[in-house]
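Here's the structure we're looking at; comments come further down.
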Amino acid sequence: MLFNSFLLSLNAVVSVFVMMAVGYGAKRLLGIEKESVGRFNSLVFYTLLPLMLFHNIYRSDIRGGVSFRCPGLALTVLAVLLLLTWLFVKWAEPDNRQRGVMIQASFRSNFLLLGMPLIQELCPGAELATVSVMLAIVVPCYNALAVVTLETFGRKQIDAGQILRGIAKNPLIIASGAGILANLSGLVLPSCLENPVSQLGSAASPVALLLLGAQFEFQDVRLHRRNLAICTALRLVVYPGAALTLAALAGLRGPEFAVLISMFATPVAVSSFSMAAQMGGNPELAASAVTVTTLLSSVTMFLWIFLFKSMGMF
């Protein structure tokens, strides 16, 4: 079981790096400019990622009777850790373009892409309603918090109205809200609409990874090594350590506990790069954060899984 879980994490990491390597190689071989990468990144941010979010939430089973204890604990822990991270990063880093990216990289995990397959491996045959509810609640919260963070540090003066308008106009927020409304209303899309939405949404992750690889530069890791060390430690060690310990003390077990591993112990969300690039954050730091945390998560995720599995948490 533990070895299978490790293989799942390893396979996910290898798959991610293969896609990024193709993007990096294409940039080198074809001489693709960073400006071209930015234009394609806009396509992902404004079209493919919103369609993926909408379809995943639209297809989730969130109308059944499930416990909200797990999402409640998860969001409470996330809010407290985010506040502490915000204060720490403001103290540790003077550059606003890097502050927003560091905070986003610390709290925003790849739960959307890795959550469901990881739960299916950790708890085979378990009811996945909790995962669906977490998906419908946590992903929009991630997006809203990322918008607030990047809008706040992307401006010389904080304008609450402008931040709220930024949230309301953000395509990922709009897509999440539309997916929740469609799900709860029982809307059934005709196949002539759902099929292209599903197909375009499925392209979001591989295209984003290709662009991430094209954006990546090895010198960026050396240039930002201090800030990368900070947000990597927060993302892979501090956040999962605090959240999973509190969940164990609160009595969460089985799939409810395992879903928190997929939320708090996974690497930085791939979509965080697209959002940072579009909203005035430092795209080089954002790309490096995804790359480094994805690589190191193959070790840290296995250790968290091994620790709590041996304690009988799931």
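Ranked by the mean number of other Cβ atoms within 10 Å of their residues, highest first, the peptides 139-152, 188-201, 97-110 come out as 97-110, 139-152, 188-201.
Helical runs assigned H by DSSP (4 residues or longer) give the chain a calculated mean residue ellipticity at 222 nm of -25000 deg cm²/dmol, each run adding -39500 (n - 2.57) before division by the residue total. Looking only at the stretch 183-227, which residues have a backbone nitrogen under 18 Å from a spot 7 Å from the Cα of residue 88 in the C-beta direction? The answer is 225-227. Taking the Cα centroid of the stretch 165-216 and of the stretch 26-52, what is the distance between the two, rounded to the nearest whole Å? If you average the Cα positions of each part, the centres end up 16 Å apart. Normalised by the number of residues in the chain, the mean separation of alpha-carbon contacts (under 8 Å, six or more apart) gives a relative contact order of 35 percent.
The share of accessible area on the chain that comes from carbon and sulfur is 67 percent, using a 1.4 angstrom probe. Determine the shape class of the stretch 163-303: with a ≥ b ≥ c the square roots of the Cα gyration tensor eigenvalues, call it rounded for a/c under 1.5, and otherwise prolate if a/b is greater than b/c, oblate otherwise. In terms of gyration-tensor shape, oblate.
For the chain, the membrane-span-like helix rule (DSSP H, alpha carbon extent of at least 27 Å along the helix axis, mean Kyte-Doolittle at least -0.5) picks out 2-30, 69-92, 129-153, 283-310; this says nothing about an actual membrane.
Solvent exposure of the chain amounts to 43 Å² per residue of accessible area, where only protein heavy atoms count and the probe is 1.4 Å. Basic side chains Lys and Arg get +1 at the Cβ, acidic Asp and Glu get -1 at the Cβ, and with that the dipole of the chain about its Cα centre reaches some 440 debye.
The values are calculated or read from the model by the stated rules, or taken from the named source; none is laboratory data. Model, not experiment: these values are computed from the prediction. Don't worry about glycine lacking a Cβ; one is built from the backbone with ideal geometry, like all the others, and counts go over all protein chains shown. For the accessible areas, the whole protein counts, side chains as well, though only heavy atoms, and no ligand, DNA or RNA atoms are used. Shrake-Rupley method; radii C 1.70, N 1.55, O 1.52, S 1.80 Å.
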